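Take a look at the structure below.
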Amino acid sequence: FPVTIPVSNFQQVALRWEKHGEVLQSQDGIGNLWLFTPRLHTENLKRLSEYRHIKQFSSVESNRNLFRRLHALEVEIKKSGSRTTLVCGDNQQSLLVGLFLKTKLKSLVGIQIQFHGDTYSFSVNRGVKGIFRVLLSRIGIVFADSIRIVSAFQEKDIKAIWKKTSNKFVLAPIPIEGSKIAKSHPAQKFDLAFIRRLS
């Protein structure tokens, strides 16, 4: 993630990563997720020691400069000698970092991007920022090795942009947390309108 995340949001994301790590460990015995940020984020990253499956590269974290951090990550990937999948947290800065490393390290690096909403259609994303967002999303669609989507209709939309994406999709809906659903309801009835998407 290229931006500072508020503490409560960071904890939610970190807990999700920790659960991913547990699932990975149950499947192949190794459940570590290695975290890389283009910039040093000491205020949130200090809390990572609480989590068993979230790791950081000490060689990366000893640098503040973006290019030195990238070089340190490149060295770590080369040292591992095995293919590394970079899961891009966004389709802007993180994607550019992923594409840079994929260009340099070729078969040693795979990229996964993700779409929670429509950032790939010009009709939805207006203005200069919107155009830039769409262009980067479309570059990601072409060059990513896998694309995580949260709903099946996104697959159809993305295939219309680039037909060669058929074998790239990973459908992983955002789970509904049962503890946040009210168990009782008031006697008074209300009409309910869904705005945007319902996951």
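The values are calculated or read from the model by the stated rules, or taken from the named source; none is laboratory data. Just so it is clear, the structure is predicted and the values come from calculations on it, not from any experiment. Cβ coordinates were reconstructed from backbone atoms using ideal geometry, including for glycine residues, and neighbour counts include every protein chain displayed. The area values use the complete protein model at the heavy-atom level, side chains included, leaving out ligands, DNA and RNA. Shrake-Rupley method; radii C 1.70, N 1.55, O 1.52, S 1.80 Å.
Quick look at the numbers
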read-out	value
Boolean, Thr42 is at pLDDT below 90, surrounded by fewer than 16 Cβ atoms within 10 Å (Cβ to Cβ) and either out of contact with any strand residue (DSSP E or B) (no Cβ under 8 Å at 6 or more places or on another chain) or at negative phi (or both)	yes
In the stretch 66-114, residue surrounded by the most Cβ atoms within 10 Å (Cβ to Cβ) [restricted to those that are more than 17 Å from Val170 (Cα to Cα) and among the small types (Gly, Ala, Ser)]	Gly98
Selection status of Pro2, modelled with pLDDT of 85 or more and touching a helix residue (DSSP H, G or I) at 6+ places or on another chain (Cβ under 6 Å)	no
Subset tally (residues that are open to solvent by 20 Å² or more (accessible area, probe 1.4 Å) and either closer than 26 Å to Leu101 by Cβ or in contact (Cβ under 8 Å) with a residue 40 or more places away in the chain (or both)) for the stretch 153-167	5
Residue in the stretch 22-32 that is on the phi < 0 side of the Ramachandran plot, surrounded by 13 or more Cβ atoms within 10 Å (Cβ to Cβ) and touching a strand residue (DSSP E or B) at 6+ places or on another chain (Cβ under 8 Å) present	yes
Given (1) at pLDDT below 90; (2) open to solvent by 70 Å² or more (accessible area, probe 1.4 Å); (3) more than 24 Å from Thr103 (Cβ to Cβ); (4) basic (Lys, Arg), index of the condition Arg47 fails	(2)
Per-region count, the stretch 115-152, residues open to solvent by 40 Å² or more (accessible area, probe 1.4 Å) and of a type in the set (Phe, Trp, Tyr)	3
From the options Gly130, Gly98, residue that is small (Gly, Ala, Ser) and out of contact with any strand residue (DSSP E or B) (no Cβ under 6 Å at 6 or more places or on another chain)	Gly130
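Rundown of residues vs (1) assigned to a helix (DSSP H, G or I); (2) in contact (Cβ under 8 Å) with a residue 12 or more places away in the chain; (3) over 20 Å from the mean Cα position of the chain (by Cα), yes/no style:
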residue: His20; (1), (2), (3): yes, yes, no
residue: Pro38; (1), (2), (3): no, yes, no
residue: Ser49; (1), (2), (3): yes, no, yes
residue: Arg52; (1), (2), (3): no, yes, no
residue: Ser59; (1), (2), (3): yes, yes, yes
residue: Arg64; (1), (2), (3): no, yes, yes
residue: Leu70; (1), (2), (3): yes, yes, no
residue: Ile77; (1), (2), (3): yes, yes, no
residue: Thr85; (1), (2), (3): no, yes, no
